[in-house]
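The values are calculated or read from the model by the stated rules, or taken from the named source; none is laboratory data. A quick note: this is a predicted structure, and the numbers were derived from the prediction, not measured. Note: ideal-geometry Cβ built from the backbone for every residue, glycine included; neighbour counts use all protein chains shown.
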Amino acid sequence: MKLTSINELEELRRVISSKDPDKPCIAVCGGPGCLAKQCLNVRDAFINEVSARGLSGKVDIKTTGCHGYCELGPIALIYPQGIFYQRLAVDDVAEVIEETIVNENILNRLLYTDEKTRKPIKNGNDIPFYNKQMQLILGNNSRIDPHSPEDYLAVGGYTALAKVLGSMKPENVIGEVKKSGLRGRGGGGFPTGRKWESTRNTQDDIKYVICNADEGDPGAFMDRSILEGNPHSVLEGMIICAYAIGSNEGYVYVRNEYPLAVSNIKTAIKQARELGLLGEDILGSGFTFDVKVNRGGGAFICGESTALMASLEGKPGEPRAKYIHTSDKGLWDKPSNLNNVETFANIPLIINKGAEWYAGIGTESSKGTKVFSLVGKINNTGLVEVPMGMRLREIIYDIGGGIPGGKAFKAVQTGGPSGGCIPESLIDLPVDYDRLMEAGSMMGSGGMIVMDEDTCMVDVANYFTHFLQEESCGKCVPCREGLFQMGGILTRITEGRGRMEDLALIKDLAGMLGDASLCGLGKTAANPVLSTLKYFEDEYLAHISDGKCPAGVCKNLITYGINPGNCTGCGLCLKKCPAGAITGERKQPHTLNTGNCIKCGICYDVCRFSAVVKE
Amino acid sequence: MPGNTQKPNGNMVTFLLNGAEVQADPNWSLLEAIQFYGIDIPTLCHNEGLTPYGVCRLCVVEIENGTRAKLVISCMHPVTGGLKVRTHSNRVIKTRKMIMELLIARCPGSKKLQDMASRLELKEVRFEPLNDDCILCGLCVRMCDEQMAARAIGFAGRGADRYITTPFDINSEECRKCGACMYICPVCELRCQGPQAETTLCSGCINTEPVCAQNFDDAMCFMVPCLSCVKGPDDVK
Ligand SMILES: Cc1cc2nc3c(=O)[nH]c(=O)nc-3n(C[C@H](O)[C@H](O)[C@H](O)COP(=O)(O)O)c2cc1C
Ligand code: SF4
Ligand code: SF4
Ligand code: FES
């Protein structure tokens, strides 16, 4: 059905919303984490069970986007009560239908149990992981089926578009976005309203709106989850942007490794066209805009704005100098406005609730919420959305549940591969664009990798430097040659061949990278090494002057041995050692021959008496 | 030193160059304006006859707008009124030297690079020499495309594995063996691997008289007179 006016849209919304609000609905999370835990089998079991009991049509079953708490997958929310069931298996399904849907009983064993009170928690919103969050962007993921525009309309979807087309001039839209204080969520944190304004002010018949869904950071899946779980919200943001800047054509550049995101956004585009929300004369307003999807090869550098546009043009994905802004000459030399997925997803919210409401969330310089992907040495791995300005401690301990295995927190790396590592002493840092920058890191697109005491910071710097070296396009000398040499120096230090002069050389290289590189990759590439050198210089020194790796990570710098006092002579290590480096009689203390040891650490892991020591 | 001999036309803009108020044609690049005023700054990937590519970053200068100063590459930055430009600030010199140090480490055998390094007063290279034969300045690629209209060579690979090659790494039909790439290359003294390699770019060594390659098994280049071949032109039998 094609809607030809705003009234028709509101009429449709009224029809959809008048459905029975008490009809049971099981929303099974279909996000990346749950998918990996076979959630689709659980969903299918629900569908089969419901139809076997003749309940088809009486219970809705939805596959939704990511709910965030990946650690507990497969997850399902049971509406209307909002019951949160976790770690579901196919075997649980019959009981859930019988007890919870038919008899309206709660199955305590499937609920989340609070760590502190040891009490089961019924409602998802009361779980500590969720109740400190502010899920303005992700919240609808657990309510809507991404394939259903009706679901999106039911939660207020496209009201912002109707408001914009019906009652706002493009200048007012831009004014509102400017006033909201929204800054780009893709990395640079550039004020979105200002970007829109400069693209609007460039005169041209053709302008482009581009959505950056390249998301090349390892371990990050914020944009993927928004695009998979709520594609219409991104689309709505893009249409509003197009109206504001005067564009009729748009692109979503999404990496090929995200097949579900590709297919969900494509479906959403098709549905929006059928509903008259995309295409010619949108909702009878006379405004025309359409969107194409372009699949990127998944190179990290293709997320950079000019490289992305080159790639869209079918050229190699390499950056170019940006002295002429893409708002003047971008894609095919036409004025282009590029924003990140999450940036676009914020737009409907700002229009609906108003810039002032939005600007009331967050800190002086950073407004609204930010989605982070919390990974590494953390109990609750997953996606979290918090208001800007929340302290790292709250994110890591209150939401993330702290460090597993009773280990000590050491550092958190924010901002993706070229972010910096923030030490324990700064754990109360409020997370916003500027405070992270001051601390030598950055917001980036919202990666957060937590590290515990067993992490060697030189090894971390070495890892990220090599990642960036491999992902560099190699076009400009500072980044290509600079990162190559930087990687060599760091490897040398982790192998115990470092020299004191290396520290000065690292700083010289870092300064040059930041000053002279062509694009953002090279400009920020020294963050991991500079921040670790700043906060963990003693570890560098231990590697260089003492030939020791304090965290016991760098192979060349550790030796394994057996403490005869603790060894019971059980022989387990002897049996497991792949190098035959351990000898000894049963029930007698064993010996480890360092010369043969290949430092695989197996003996250390298998010994039950802590007799194997590592120094 | 390359100079800018273009006549400025019409509406000039005024900006500060090393403290002096100067005027320049707004269609010029900053580099052109700087050269117009006779100031020498190093360039490597730049050539007047080719489209600027902006990758060696040796032509950096410091510009100030408002309270913030930053480095930009002059070969691609436009001249705009009110700019404050410094061509030899400490930050600029330090950056150029560091870049030069990296280039020398990559291709220590290049006479051109060595000369530039000595002009920058680079005294020490703190990296192991890699003895490579290309700094990926892209001059050859642009020469081949823009002046020879052959498009026989291009870039392949990424990051540190980037290299110059022909399509599919085999002898290219498009290549007319004109040798223009070798002519413009700043490190080509060590570039050619001889005629045997499938990937050889120009095969000039088979085309010249006397045929270098027949006389020297270890011929490394085909330029006449031969510049760096192990034995030298006098040894030709
Ligand atoms: C190496 C590199 C990779 C980037 N990758 C991404 C990415 O995957 N997704 C993204 O949205 N922005 C990425 N960016 C930032 C973009 O260049 C651009 O700033 C952003 O998409 C603009 O949108 P925003 O203003 O909404 O943040 C990357 C930047 C660099 C330098
Ligand atoms: S900074 Fe790195 S990634 Fe960016 S253009 Fe230069 S070589 Fe390519
Ligand atoms: S072969 Fe020579 S001209 Fe071509 S990119 Fe390499 S250094 Fe530059
Ligand atoms: S001459 Fe300007 S970057 Fe090479």
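Quick notes on this structure:
- Of all the listed residues (B:Ala24, B:Ala20), the sole one being away from ligand 4 (no atom under 16 Å from the Cβ), in contact with a helix residue (DSSP H, G or I) (Cβ under 9 Å, 6 or more places away or on another chain) and within 20 Å of B:Arg86 (Cβ to Cβ) is B:Ala24.
- Residue among B:Arg151, B:Arg106, B:Arg158, B:Arg119 that is of a type in the set (D, E, K, R), crowded, with 19+ Cβ neighbours inside 10 Å and touching a residue at least 12 places away in the same chain (Cβ under 8 Å): B:Arg106
- Of the listed requirements (1) assigned to a loop (DSSP other than H, G, I, E, B); (2) within 39 Å of the chain's Cα centre (by Cα), A:Tyr604 misses just one: (1).
- Number of the condition not met by A:Arg183 [criteria: (1) within 29 Å of A:Leu3 (Cα to Cα); (2) in contact with a Lys or Arg (Cβ under 8 Å, 6 or more places away or on another chain)]: (1)
- Restricting region A:76-135 to residues that are free of Cβ contacts under 8 Å to residues at least 60 places away in the same chain and acidic (Asp, Glu), the residue that is surrounded by the most Cβ atoms within 10 Å (Cβ to Cβ) is A:Asp92.
- None of A:Asp515, A:Asp502 is farther than 28 Å from A:Cys549 by Cα and either of a type in the set (Ser, Thr, Tyr) or away from ligand 1 (no atom under 15 Å from the Cβ) (or both) except A:Asp515.
- Qualifying residue in region A:263-273 (condition: over 17 Å from A:Ala162 (Cβ atoms), within 14 Å of chain B (Cβ to nearest Cβ), in contact with a strand residue (DSSP E or B) (Cβ under 8 Å, 6 or more places away or on another chain) and of a type in the set (A, V, I, L, M, F, W, C)): no
Here's the yes/no breakdown for (1) more than 16 Å from ligand 3 (Cβ to nearest atom); (2) surrounded by fewer than 21 Cβ atoms within 10 Å (Cβ to Cβ); (3) within 14 Å of chain A (Cβ to nearest Cβ):
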residue: B:Pro8; (1), (2), (3): yes, yes, no
residue: B:Leu17; (1), (2), (3): yes, no, no
residue: B:Gln23; (1), (2), (3): yes, yes, no
residue: B:Ile41; (1), (2), (3): yes, yes, yes
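- Looking only at residues of region A:453-497 that are surrounded by fewer than 20 Cβ atoms within 10 Å (Cβ to Cβ) and over 30 Å from A:Ile378 (Cβ atoms), we find that the one that is farthest from the other protein chains (Cβ to nearest Cβ) is A:Gly496.
- Qualifying positions in region B:41-77 - without any contact (Cβ under 8 Å) to a residue 60 or more places away in the chain, hydrophobic (A, V, I, L, M, F, W, C) and within 12 Å of ligand 4 (Cβ to nearest atom): B:Ile41, B:Leu58, B:Cys59, B:Val60, B:Val61, B:Leu71, B:Val72, B:Ile73, B:Cys75, B:Met76
- Sole exception among (1) in contact (Cβ under 8 Å) with a residue 60 or more places away in the chain; (2) surrounded by 15 or more Cβ atoms within 10 Å (Cβ to Cβ); (3) facing chain A (nearest Cβ under 10 Å) for B:Thr80, by number: (2)
- Of residues in region A:182-210 being surrounded by 23 or more Cβ atoms within 10 Å (Cβ to Cβ) and closer than 29 Å to A:Val450 by Cα, the one nearest to ligand 4 (Cβ to nearest atom): A:Gly187
- Qualifying residue in region A:241-256 (condition: farther than 24 Å from A:Lys178 by Cα, more than 16 Å from ligand 2 (Cβ to nearest atom), more than 14 Å from chain B (Cβ to nearest Cβ) and of a type in the set (S, T, N, Q)): yes
- For region A:577-604, the set of residues classified as touching a strand residue (DSSP E or B) at 6+ places or on another chain (Cβ under 8 Å) and of a type in the set (S, T, N, Q) consists of A:Thr583, A:Thr591, A:Asn593, A:Thr594, listed by residue number.
- Subset of region B:93-127 [among the aliphatic types (A, V, I, L, M), part of a helix (DSSP H, G or I) and more than 20 Å from B:Gly38 (Cβ to Cβ)]: B:Met98, B:Ile99, B:Met100, B:Leu102, B:Leu103, B:Ile104, B:Ala105, B:Leu113, B:Ala117
- Some residue of region A:553-565 being more than 16 Å from ligand 3 (Cβ to nearest atom), closer than 30 Å to A:Thr326 by Cα and either in a loop (DSSP other than H, G, I, E, B) or modelled with pLDDT of 95 or more (or both): no
- Among residues of region A:280-304, those that are within 16 Å of ligand 1 (Cβ to nearest atom), away from every other protein chain (no Cβ under 14 Å) and not aliphatic (A, V, I, L, M), counted: 4
- The condition (being more than 10 Å from every other protein chain (Cβ to nearest Cβ), buried (at least 20 other Cβ atoms within 10 Å of the Cβ) and in contact with a Leu (Cβ under 7 Å, 6 or more places away or on another chain)) is satisfied by just one residue among B:Met143, B:Met100: B:Met143.
- For region A:304-318, the count of residues that are over 22 Å from the mean Cα position of the chain (by Cα) and within 16 Å of ligand 3 (Cβ to nearest atom) is at least one.
- Applying the criterion of being modelled with pLDDT of 95 or more and over 16 Å from B:Ile99 (Cα atoms) to the residues of region B:53-68, the residue that is nearest to the other protein chains (Cβ to nearest Cβ) is B:Tyr53.
Condition check ((1) free of Cβ contacts under 8 Å to residues at least 60 places away in the same chain; (2) under 30 Å from A:Gly487 (Cα atoms); (3) within 30 Å of the chain's Cα centre (by Cα)) across all residues:
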residue: A:Asp508; (1), (2), (3): yes, yes, no
residue: A:Leu513; (1), (2), (3): yes, yes, yes
residue: A:Ala551; (1), (2), (3): no, yes, yes
residue: A:Thr568; (1), (2), (3): yes, no, no
residue: A:Gly571; (1), (2), (3): yes, no, no
residue: A:Val612; (1), (2), (3): yes, no, no
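- Tally of residues being in a helix (DSSP H, G or I), free of Cβ contacts under 8 Å to residues at least 24 places away in the same chain and more than 26 Å from A:Gly187 (Cα to Cα) across region A:255-314: 2
- Candidates A:Ala268, A:Ala272, A:Ala242, A:Ala261 - the one that is surrounded by 17 or more Cβ atoms within 10 Å (Cβ to Cβ), touching a His at 6+ places or on another chain (Cβ under 6 Å) and at pLDDT 95 or above: A:Ala268
- Of the helices (runs of 4 or more DSSP H) lying entirely inside region A:503-550, those containing at least 3 residues that are modelled with pLDDT of 95 or more, within 16 Å of ligand 2 (Cβ to nearest atom) and under 13 Å from A:Gly419 (Cα atoms) span A:520-524, A:527-535.
- Contacts under 9 angstrom Cβ, first residue in region A:327-346 being within 14 Å of chain B (Cβ to nearest Cβ), partner among the hydroxyl-bearing types (Ser, Thr, Tyr) and more than 15 Å from ligand 1 (Cβ to nearest atom), 6 or more apart: A:Asp328/A:Thr202; A:Lys329/A:Thr202
- Residues satisfying the stated conditions in region A:220-254, i.e. in a helix (DSSP H, G or I) and among the charged types (D, E, K, R): A:Asp223, A:Arg224, A:Glu228, A:Glu236
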